[in-house]
Amino acid sequence: MWKRALAAAAILALTTSAAIAQVGNAAMPIPLKMRRGTDSLTVRGVLRKDVACCSYAFAARGGQKLYWSIHGAAARLTIGYPDGQVDGPGLPNPLPLPASGHYVIAVSPDQMAAGAFGPFVLKLRIPARR
């Protein structure tokens, strides 16, 4: 009985640590929420070789625009739209957000460029519609 409980605890610990390790990949993007009264936020991350990172989810309304900038490691940005379509790299700035719903912006290393791995700073701004 004791051995079974110990084995079950070990399996739970392994599956829990595996799930935690996956947060931030495309299947489990990190949720972003702007503080009340602001229209921008800054995200810091690190791009590493052979590590699935860094996807971020945010909500927006149709007709808004996403202004973005990224500094640090040479990175590529893609965006997933509420309808499931994905665009990028080479996103316009500002990027029109055509529909209300959840978007996923993914940062990945640009392995065709020098300095593809290391820290990055991503700034996002979504002003209210006027």
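Every number in this text was worked out from the coordinates using simple rules, so none of it is lab data. It should be emphasised that the depicted structure is a prediction, and the values quoted were computed from it without experimental measurement. Virtual Cβ from ideal backbone geometry, glycine too; neighbours counted across all protein chains shown.
Observations
- Ellipsoid equivalent to the range 24-125 - semi-axes via the Cα gyration tensor, in Å: 22, 14, 13
- Couplings 3J(HN,Hα) of the range 35-52, computed from phi: 5, 4, x, 10, 10, 9, 8, 10, 10, 10, x, 9, 8, 10, 5, 6, 10, 6 Hz, in residue order, whole Hz [Karplus 6.51 cos²θ - 1.76 cosθ + 1.60, θ = phi - 60°; x for Gly and Pro].
- Across the range 86-95, coupling constants 3J(HN,Hα) worked out from phi with the 6.51/-1.76/1.60 Karplus curve, θ = phi - 60°, read 10, 10, x, x, x, 7, x, 9, x, 9 Hz, and Gly and Pro carry x.
- Here's how it looks for Ala75: its modeled amide H is under 5 Å from those of Asp110, which are all 5 or more places away or on a different chain.
- Across the range 99-114, coupling constants 3J(HN,Hα) worked out from phi with the 6.51/-1.76/1.60 Karplus curve, θ = phi - 60°, read 9, 6, x, 9, 10, 10, 9, 10, 10, 9, x, 8, 6, 8, 10, 6 Hz, and Gly and Pro carry x.
- Ile30 long-range amide H proximity, modeled H, under 5 Å: Gly24, Ser55, Tyr56, Ala57
- Local electrostatic count, Val104, Cβ distance below 13 Å [Lys/Arg +1, Asp/Glu -1]: -2
- Cα-based shape type of the range 57-106, given that a ≥ b ≥ c are square roots of the gyration tensor eigenvalues and the cut on a/c is 1.5: prolate
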